[in-house]
Every structure is written in C-alpha cells, then in structure tokens.
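What follows is a short report on a single structure.
Values quoted throughout were computed directly from the atomic coordinates according to the rules given, and no laboratory measurement underlies them. Please read these numbers as outputs of a predicted model, since none were measured by experiment. Because the Cβ atoms are built from the backbone with ideal geometry, glycine has one as well, and the counts that use them run over all protein chains shown.
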Amino acid sequence: TSTQGRLDTFFKVL
Amino acid sequence: MFEARLVQSAILKKVLDAIKDLLTEATFECSDSGIQVQAMDNAHVSLVSLNLRSDGFDKYRCDRNLSMGMSIASMTKILRCAGAEDTVTLRAVDNPENIMFIFESPNKEKLAEYEMKLINMDQEHLGIIKTKETSYSCVVKMPSQEFSRICRDLSQFGESITFACSKEGIKFSASGDFGQATVKLAQTADADKEEEAVLVTMQEPVKLTFSCRYLNCFVKAGPLCAQVQLSMSNDVPLVCEYKIGDIGHIRYYLAPKIDD
C-alpha cells in the first residue's frame, strides 16, 4: 500500500 | 496605485476555473514584474503557482508591491459578471482594503464596476519555487485535452494513477476493485499540428503514482492551453504546467504517493 506524500516532505517551506 | 488591464477577461475567468477547486483563498502578490500566487491546498499535498507577467497585460502599473488576500469564490462570482468579450481592469490603491474589477464592453457602451473586500491572510510565503529550474528525468508534452480525458477515464478505476515514462512514451495505469486500466501514448513521430504532438524528453525512466483527486483539479486548466507539460523524477513532486498565452503560466506541484 502507499500513502499520499506531502509537499512539506520535499520542499522546505519558508 | 495598482492597475492591470486585460483585453480578454476570458483569460482571467479560465485562470479562476483552474484554481477554484484547490484554493479557497489566496494571496496575490503584485509587483513591477507582474502578479504571482503561490499557495498550497489545505492538505499540503499540492501547490498552485500562478505567474502573470506585467508585459503580458495590455496596461500594467504597480507603484509599490502589494499583497492582496482574495477569496477565490468571491472573485469567481465577480468574474461571472463579465461578458465573454469584455475587457477587465483590476485596480487598487496603495494600502488597499478593496480591489475593483472594472468590465468594459468592446463598444465601450457598458461599464461595470465591482468592488471586492480583501481578506487578511496569514502570510505563509512559500519560497519554494524561486530556486533555479530543477532538471527532471522525464518531461512529457502532450495535448491537454488528452491528459484531461485520461485522468477522467482512469479515475473510474481507483483513487490513484501511475505514470510510467520511458523513451517510447508514457503509460498511465489505474486499478481497483472491478478491474484495471492502462493507456499508453507513444511519442508522435510527426504530428501534423504542434498542439497534437506527444513529446518525451527522457534522461532516465520514471514511475510515479498520484492521487486522482488532485489530477482532476489540475486538468481544469486545460482550456488555458492546448498542451500540458508534465515534468517528473522518481520520488519528487510532479510538475504539471499550462502556459497562459503570452502572459504567463500556471504550475501545479503534486507530491507522489509513497510506500509505507
């Protein structure tokens, strides 16, 4: 199974 | 003073159609170089990055930088009041509490002014997309109508769609309780029309899975451009980009599904 990723994981939110 | 005029209000209508399912409100950053919106959906799964360059407007003036928080639903209601052929002008003073939308008919016989209250928004400035362009493993350009169709069709099978791209082309697949679906698009050798072409630029193959719900929001931008560009690398967010005429672009970023 897979879960939806969140963008926060990939980008540093300033 | 801020003033931006577009001869075709239809462009702004289409831009709103392209964001209204993802964002309830957004900060419009206006500067000398144009108008920019960067906002994540509530779940922080996708991000909308809208860029309208000042030189793409028929008239553009921005004396000082403005951040205007706007309700997308209210803006949509106002844009609904514009005729298809109307010119639209956005106008605000320097420390605005309101923004004006002015619609003018082609024969200049009808002038309608709508004022919308701005909203105070927490300044969640996203400094994400300002870094230099990432190079992606696969970049696919394809007809936006075809992409919309595939997302719609495959959404019937499951909650997500897997994109597998190789130098031969791109394969979309979905599976669910009642069966599975696969659509393969080969790179077009010589499409008669540029907008009908499928073009793949590949460094290495990729395979990524994305939520249908978001993809079906992105395809609402289809009417803005005949072609959509999908940029993909394994384990990083998809970039789904639609050009907005000569004025700018809308990019959607979507985090891939990850294995537990």
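Rounded to the nearest 20, the Cβ-based charge dipole of the stretch B:26-92 about its Cα centre (Lys and Arg +1, Asp and Glu -1) stands at 180 debye. For the stretch B:165-251, the Kirkwood estimate of hydrodynamic radius, built from reciprocal distances between every pair of different alpha carbons, is 14.6 Å.
Entry note: chain B has Rg to Rh equal to 1.00, where both radii use alpha-carbon atoms and Rh is the Kirkwood radius. Remark: for residue pairs B:LYS20/B:LYS243; B:LYS13/B:LYS207; B:LYS59/B:LYS220, the C-alpha separation exceeds 25 Å in B:LYS13/B:LYS207; B:LYS59/B:LYS220.
Screening chain B for DSSP H helices whose Cα atoms reach 24 Å or more along their own axis and whose mean Kyte hydropathy is at least 0.5 gives nothing.
By a straight-distance test (C-alpha under 17 Å), which aspartates and glutamates pair with B:LYS110 as possible cross-link partners, with residues fewer than eight away in the same chain excluded? Reachable aspartates and glutamates: B:GLU85, B:ASP86. Per-residue ellipticity at 222 nm computed for chain B from its helices equals -4000 deg cm²/dmol, with DSSP H segments shorter than 4 residues left out and the rest contributing -39,500 (n - 2.57). Counting only GluC sites (Glu not before Pro) that DSSP places in a loop and that have at most 16 other Cβ atoms within 10 Å, the longest clean stretch of chain B runs over B:169-260. In this entry, the protein assembly as shown is assigned a mean projected area of 15.8 nm², taken as a quarter of its C-alpha convex hull surface. If you plug the beta carbon distance of B:SER166 and B:ARG53 into 1/(1 + (r/R0)^6) with R0 = 45 Å, you get a FRET efficiency near 0.85. Computed from backbone phi with θ = phi - 60° and the Karplus coefficients 6.51, -1.76 and 1.60, the 3J(HN,Hα) list for the stretch B:183-192 is 10, 10, 10, 8, 4, 6, 6, 8, 6, 4 Hz; x is used for glycine and proline. In the frame of its principal axes, the stretch B:107-260 has Cα extents of 53, 44, 39 Å, reported largest first.
With each label modelled as a point 7 angstrom along the Cα→C-beta vector, the B:ASN95-B:ASP32 pair spans 2.3 nm. The residues B:THR134, B:THR89, when put in order of fewest to most other Cβ atoms within 10 Å, stand as B:THR134, B:THR89. Shape summary: the stretch B:1-155 maps onto an equivalent ellipsoid whose semi-axes, from the alpha-carbon gyration tensor, are 27, 21, 16 Å in decreasing order.
Across every pair of non-identical alpha carbons in the stretch B:201-260, the mean reciprocal distance, once inverted, gives a Kirkwood radius of 12.5 Å. Of the residues B:SER166, B:SER33, B:ALA84, the one whose Cα sits farthest toward the positive end of the charge dipole of chain B, with +1 on the Cβ of Lys and Arg and -1 on the Cβ of Asp and Glu, is B:ALA84.
For the pair B:GLU146 and B:THR76, the difference between a 0.36 nm per residue extended length and the Cα-Cα distance amounts to 22.6 nm.
Here the label points at B:GLU85 and A:ARG6, each 7 Å from Cα along the C-beta direction, are separated by 5.0 nm in the simple model.
Among the trypsin sites (Lys or Arg not before Pro) in the stretch B:180-260, those placed in a DSSP loop whose Cβ has at most 13 other Cβ atoms within 10 Å are B:LYS193.
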